[in-house]
Amino acid sequence: MDMTEFIEYCREGNPIKSTDPEKGKLLFQCANEAIRITNKLNNSTHTPEEIRKIFEELTGREIDESFVCFPPFYTDFGKNIIIGKNVFINTNCNFQDRGGIIIGDNTQIGMNVSIATLNHGFEVDKRDITYAGKVIIGKNVWIGSAVSIVPNVTIGDNVIIGSGAVVTKDIPNNVVVAGVPAKIIKSI
């Protein structure tokens, strides 16, 4: 399996056993590349255009000119992030994107937001296997500071997520959620 095939294998959401020598080596290479690219992003100042170009290198995808990110930004994979138009990512966000993160147009992501797309097996003999679960964020979403989003979650359009919330389930359109775990507190 070459790197292109491996990235596609990951984009399909396939599990990976940590002791698999071939996939483990490729995963380590992806992580090192993501670290190299985010170090370049995080350890110097850049224009908005330079930041956008670094994100294109990180994701392997074209990023709209309207994208804004305030570094530092961290990720362990990088190749499975899709960013819409007019997306803002504030400082110190951490994306674990191997399972896939899709961010809809006009989304604002606050400081210190963590998005995870991997889980380990629950049984003791399967804990060395990581299972991928995509996170999909709709359009016009506002994610408050220090929010955590777990794998296999879809967030609807026009949602507001209160600071510090832990999102563990799908969120429908047009609501405000908050709390641990996040619950709907009102419709908008």
Check whether at least one residue in region 134-149 is touching a strand residue (DSSP E or B) at 6+ places or on another chain (Cβ under 7 Å) and farther than 21 Å from ILE81 by Cβ, and report yes or no.
-> no
What do you reckon, is ILE54 assigned to a helix (DSSP H, G or I), among the aliphatic types (A, V, I, L, M) and either touching a His at 6+ places or on another chain (Cβ under 7 Å) or without any contact (Cβ under 8 Å) to a residue 24 or more places away in the chain (or both)?
-> yes
Test: PHE28 is loosely packed, with under 14 Cβ neighbours inside 10 Å and of a type outside the set (Gly, Ala, Ser) = yes
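Here is a list: THR4, THR19, THR59. Which entry is surrounded by 14 or more Cβ atoms within 10 Å (Cβ to Cβ), farther than 20 Å from GLY110 by Cα and polar (S, T, N, Q)? Steps first, please.
Values: THR4 fails: surrounded by 14 or more Cβ atoms within 10 Å (Cβ to Cβ); THR19 fails: surrounded by 14 or more Cβ atoms within 10 Å (Cβ to Cβ).
Exactly one of THR4, THR19, THR59 is surrounded by 14 or more Cβ atoms within 10 Å (Cβ to Cβ), farther than 20 Å from GLY110 by Cα and polar (S, T, N, Q), namely THR59.
Yes or no: VAL113 free of Cβ contacts under 8 Å to residues at least 40 places away in the same chain, among the hydrophobic types (A, V, I, L, M, F, W, C) and more than 26 Å from GLU62 (Cβ to Cβ)? Give the derivation first.
Values: free of Cβ contacts under 8 Å to residues at least 40 places away in the same chain: yes; among the hydrophobic types (A, V, I, L, M, F, W, C): yes; more than 26 Å from GLU62 (Cβ to Cβ): no.
Judged against the criteria, VAL113 is not a match.
Looking at region 161-173, which of the residues that are touching a strand residue (DSSP E or B) at 6+ places or on another chain (Cβ under 6 Å) and surrounded by 15 or more Cβ atoms within 10 Å (Cβ to Cβ) is farthest from PRO151 (Cα to Cα)? Spell out the reasoning first.
Of region 161-173, the ones touching a strand residue (DSSP E or B) at 6+ places or on another chain (Cβ under 6 Å) are 161-162, 165-167, 170-171.
From what is left, the residues that are surrounded by 15 or more Cβ atoms within 10 Å (Cβ to Cβ) are 161-162, 165-167, 171.
Values: ILE161: 16, GLY162: 19, ALA165: 15, VAL166: 11, VAL167: 9, ILE171: 13 Å.
Applying the filter and picking the extreme gives GLY162.
Taken together, the values in this text are just the output of simple stated rules run on the coordinates, not laboratory data. Just so it is clear, the model here is predicted, and its values are computed rather than measured. All Cβ positions, even for glycine, are placed from backbone atoms using ideal geometry, and neighbour counts span all protein chains on display.
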